[in-house]
Amino acid sequence: MQLLRKEIKLSVELNNRLDLLTRNKRAHYYTHKQLEVILEYFCISQKEFELL
């Protein structure tokens with residue numbers, strides 16, 4: 001999960017998409033909508049994510 005967070009921070013495009021969905025910038029978790037965007041960006045299905 002730490003590696004995934006690092007990759008998310010490095011991606012400007014993904015960060016911009018997540019910022020559009022974020023209300024609380026200080027939250028330490030991702031909302032369901034943000035998680036959908038992250039999984040789509042990394043081409044990870046929900047089934048694959050659940051197996052992690």
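The values are calculated or read from the model by the stated rules, or taken from the named source; none is laboratory data. Note that this is a predicted model, so its numbers are computed, not measured. Every residue, glycine as well, gets a Cβ built from its backbone with ideal geometry; the counts of neighbours run over all protein chains shown.
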Do you know which of the residues in region 41-52 that are over 17 Å from L3 (Cα atoms) and outside any loop (DSSP other than H, G, I, E, B) is farthest from the chain's Cα centre (by Cα)?
K47
Close pairs (6 angstrom Cβ cut-off, 6 or more residues apart or separate chains): touching a residue at least 12 places away in the same chain (Cβ under 8 Å) in region 24-52, surrounded by 13 or more Cβ atoms within 10 Å (Cβ to Cβ) and not aliphatic (A, V, I, L, M) anywhere:
V37/R17
Among the residues in region 35-49, are any surrounded by 12 or more Cβ atoms within 10 Å (Cβ to Cβ) and of a type in the set (D, E)?
yes
K33 passes all but one of the listed conditions (1) modelled with pLDDT of 90 or more; (2) out of contact with any helix residue (DSSP H, G or I) (no Cβ under 8 Å at 6 or more places or on another chain); (3) among the basic types (K, R); the exception is number (2)
Please specify each residue of region 5-30 satisfying the condition of being surrounded by 14 or more Cβ atoms within 10 Å (Cβ to Cβ) and assigned to a loop (DSSP other than H, G, I, E, B).
S11, T22, Y30
